[in-house]
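The values are calculated or read from the model by the stated rules, or taken from the named source; none is laboratory data. These figures come from a predicted structure and were not determined experimentally. Every residue, glycine as well, gets a Cβ built from its backbone with ideal geometry; the counts of neighbours run over all protein chains shown. Heads up: the accessible areas ignore ligands, DNA and RNA and are worked out on the full protein's heavy atoms, side chains in. Shrake-Rupley method; radii C 1.70, N 1.55, O 1.52, S 1.80 Å.
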Amino acid sequence: MRQENVFSHDNSVSDASADFESLVLRDSEIVKPILKEKFLKDYIFGVGDSEAEFRLYCSAFRTESREAVRVILLKPKGREAHKDLIYIRNAAECFFDKKQIILSSNLTCSAIMIIRSVSEDELDSVLHNVVSYARKHYESELLAVYSEVVPIMDIPEAYKRLRRCVEYAFYAENPEVMCENTVRIGEVSTAPVLEYTGIEEAVSGGDEQKAERLIDDFFAELEAYMPAPAVAKTYCLELYVCIIRCCDASRIDVYMKGIVAVQKGTSFGSIKQFIKDTSREIARANAPEPVKIYSSLIKDTMSIIDKNIGNEKLSLRWIAGTILYTNVDYLGKIFKKETGKNFSHYVMEKRMEFAKELIMRGKKDRIYEVAEKVGYGTNSQYFSQVFKKYTGMSPLEYKEITRTPARKTI
């Protein structure tokens, strides 16, 4: 009787195995989306699929363990950006030929895609389109990192490398689309010894140029060591605190909120620019203020600029011809002489400062609405380019690091 039960049990195991094989192979078209998600996650994270099951899955997906593939990791930036990740990944798949995609899945805060081997140039082009799509339709800044060509059996190791690349993309100048072989990862084990005192003294004394030079040296040395991003942010926070100690006591609460901007900064460059801007602002406030006397013509011009900053038609010719009724060349020459700036540069700075203020207020304006309010009309893409050049970060990045609960009460 015991032998009969054992035999019966063996049959049930055999039947279960046959059912599983039937599910994977014969019915794979029906359950393939679910199977792909399960297989990819289990394989990446090493959740114990046997070699036989691995071969079975490969057969179902019409591939084999040594097929040449590339692994792509899509990582949205920001605290809440991952909420649209499933839609972004679905959209990303549409940019590829269906035959190129072997597997794809959403992970916790990123998406992974396995595609058949394509050239770097072709992949760069496709992924730049994906990044642009995510920015335009979901207002999401996306980082796309892809592996070198690897056999499909090496996906877990490639995934680990890409996660490391995502971390160290923090140091890249324009981290949008990168191949893993272009990402430099710090390997220095010793911690850098950085100097803060000279910077603090320069800012406190109002020496803007010296402070900027010392800050550039500080960041150059930090980047040479290239510590883990979390460690780099610690150094940046220490520097930022040293700088804001030099501000007027009445402004300390405002500058303290900038600590969040450093903590939430998504790139080394944006944090550096934010700290340099803060240093410049405080140093200027500490410097002896020269008495500026403007002529009535330039005072009127400045007043018109302030009142019409959101007017897309605002220009030197418009002011001279329709409001002040004066020669445009003469007005431009006097404006440059008295303010030290070209008219267009002066207006750009005014618009960028107004844009920063609108974003920091915490209202629900979209980027294109901010662009309209500061005089760029419907050309939100050009506005974003100017904003990034002026602040060192895109409007979306600036929005992410400055819209804290504390900011909203200002």
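With the requirement that a residue be at pLDDT 90 or above and among the aliphatic types (A, V, I, L, M), what does region 287-313 give you?
Passing the criteria: Leu297, Ile298, Met302, Ile304, Ile305, Ile309.
Quick check on Ile199: is it closer than 17 Å to Tyr171 by Cβ, open to solvent by less than 50 Å² (accessible area, probe 1.4 Å) and modelled with pLDDT of 90 or more? Break it down stepwise before answering.
Working: closer than 17 Å to Tyr171 by Cβ: no; open to solvent by less than 50 Å² (accessible area, probe 1.4 Å): yes; modelled with pLDDT of 90 or more: yes.
In short, no.
Taking only region 150-166 into account, find how many residues are open to solvent by 70 Å² or more (accessible area, probe 1.4 Å) and modelled with pLDDT of 90 or more. Show your work before the answer.
Here is the first cut: in region 150-166, the residues open to solvent by 70 Å² or more (accessible area, probe 1.4 Å) are 153, 157, 160-161, 163-164.
Those left that are additionally modelled with pLDDT of 90 or more: 157, 160-161, 163-164.
Of the residues in that region, 5 qualify.
I need every pair where a residue in region 228-239 that is of a type in the set (Lys, Arg) has its Cβ under 6 Å from the Cβ of a residue that is surrounded by 15 or more Cβ atoms within 10 Å (Cβ to Cβ), sequence separation at least 6 or different chains.
none
Within region 124-172, which residues are touching a strand residue (DSSP E or B) at 6+ places or on another chain (Cβ under 8 Å), of a type in the set (Phe, Trp, Tyr) and assigned to a helix (DSSP H, G or I)?
Of everything in region 124-172, just one residue is touching a strand residue (DSSP E or B) at 6+ places or on another chain (Cβ under 8 Å), of a type in the set (Phe, Trp, Tyr) and assigned to a helix (DSSP H, G or I), namely Tyr159.
When you scan region 222-241, do you find a residue that is open to solvent by less than 40 Å² (accessible area, probe 1.4 Å) and under 16 Å from Tyr398 (Cβ atoms), even just one?
no
In region 237-292, what residues are among the aromatic types (Phe, Trp, Tyr) and either in contact with a strand residue (DSSP E or B) (Cβ under 8 Å, 6 or more places away or on another chain) or under 20 Å from Asp216 (Cα atoms) (or both)?
Initial filter on region 237-292 (among the aromatic types (Phe, Trp, Tyr)): 240, 255, 268, 274.
Scanning region 237-292 gives Tyr240, Phe268, Phe274.
Can you tell me which residue in region 222-277 is nearest to Ala191 (Cα to Cα), limited to those that are among the hydroxyl-bearing types (Ser, Thr, Tyr) and within 16 Å of the chain's Cα centre (by Cα)?
Here is the first cut: in region 222-277, the ones among the hydroxyl-bearing types (Ser, Thr, Tyr) are 225, 234-235, 240, 250, 255, 266-267, 270.
Then drop every residue that is not within 16 Å of the chain's Cα centre (by Cα), which leaves 266-267, 270.
Working: Thr266: 22, Ser267: 20, Ser270: 22 Å.
The qualifying residue nearest to Ala191 (Cα to Cα) is Ser267.
Can you name the number of the only condition in (1) farther than 23 Å from Val193 by Cβ; (2) within 19 Å of the chain's Cα centre (by Cα); (3) modelled with pLDDT of 90 or more that Arg280 fails?
(2)
So that you can scan it fast, the table gives a plain yes or no per residue for (1) open to solvent by 20 Å² or more (accessible area, probe 1.4 Å); (2) of a type in the set (A, V, I, L, M); (3) in contact with a helix residue (DSSP H, G or I) (Cβ under 8 Å, 6 or more places away or on another chain); (4) more than 29 Å from Met393 (Cβ to Cβ):
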position: Glu67; (1), (2), (3), (4): yes, no, yes, yes
position: Tyr87; (1), (2), (3), (4): yes, no, yes, no
position: Asn90; (1), (2), (3), (4): yes, no, no, no
position: Ser104; (1), (2), (3), (4): no, no, yes, yes
position: Ile115; (1), (2), (3), (4): no, yes, yes, yes
position: Ser119; (1), (2), (3), (4): yes, no, no, yes
position: Tyr133; (1), (2), (3), (4): yes, no, yes, no
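Give me a count of the residues in region 354-378 that are open to solvent by 80 Å² or more (accessible area, probe 1.4 Å) and of a type outside the set (Ser, Thr, Tyr).
Initially, region 354-378 is screened for residues open to solvent by 80 Å² or more (accessible area, probe 1.4 Å), giving 357, 361, 363-364, 366, 368, 372-373, 378.
Narrowing the set further to residues that are of a type outside the set (Ser, Thr, Tyr) leaves 357, 361, 363-364, 366, 372-373.
The total comes to 7.
Got at least one residue in region 177-195 being touching a strand residue (DSSP E or B) at 6+ places or on another chain (Cβ under 9 Å), open to solvent by 70 Å² or more (accessible area, probe 1.4 Å) and not in a strand (DSSP E or B)? Quick ask: steps written out before the conclusion?
Pass one, region 177-195, residues touching a strand residue (DSSP E or B) at 6+ places or on another chain (Cβ under 9 Å): 177-180, 183.
If we keep only those that are open to solvent by 70 Å² or more (accessible area, probe 1.4 Å) too, we end up with none.
Scanning region 177-195, I find no residue that is touching a strand residue (DSSP E or B) at 6+ places or on another chain (Cβ under 9 Å), open to solvent by 70 Å² or more (accessible area, probe 1.4 Å) and not in a strand (DSSP E or B), so the answer is no.
Can you tell me which residue is least open to solvent (accessible area, probe 1.4 Å) among those in region 258-295 that are hydroxyl-bearing (Ser, Thr, Tyr) and farther than 30 Å from Thr339 by Cα? Talk me through it step by step, then tell me what you get.
Going through region 258-295, the residues hydroxyl-bearing (Ser, Thr, Tyr) turn out to be 266-267, 270, 278-279, 294-295.
Still in the list and also farther than 30 Å from Thr339 by Cα: 266-267.
Values: Thr266: 45, Ser267: 12 Å².
Looking at the filtered set, the residue picked out is Ser267.
Checking Ala211 against (1) crowded, with 16+ Cβ neighbours inside 10 Å; (2) over 25 Å from the mean Cα position of the chain (by Cα); (3) in contact (Cβ under 8 Å) with a residue 60 or more places away in the chain; (4) not in a helix (DSSP H, G or I), which test does it fail?
(4)
All but one of (1) open to solvent by less than 50 Å² (accessible area, probe 1.4 Å); (2) in a loop (DSSP other than H, G, I, E, B); (3) not charged (D, E, K, R) hold for Phe218, so report the exception by its number.
Among (1) open to solvent by less than 50 Å² (accessible area, probe 1.4 Å); (2) in a loop (DSSP other than H, G, I, E, B); (3) not charged (D, E, K, R), Phe218 violates only (2).
Would you confirm whether or not region 130-139 contains a residue that is touching a residue at least 24 places away in the same chain (Cβ under 8 Å), closer than 25 Å to Cys58 by Cβ and either in contact with a Phe, Trp or Tyr (Cβ under 9 Å, 6 or more places away or on another chain) or among the charged types (D, E, K, R) (or both)?
Looking for residues that are touching a residue at least 24 places away in the same chain (Cβ under 8 Å), closer than 25 Å to Cys58 by Cβ and either in contact with a Phe, Trp or Tyr (Cβ under 9 Å, 6 or more places away or on another chain) or among the charged types (D, E, K, R) (or both), one finds none in region 130-139, hence no.
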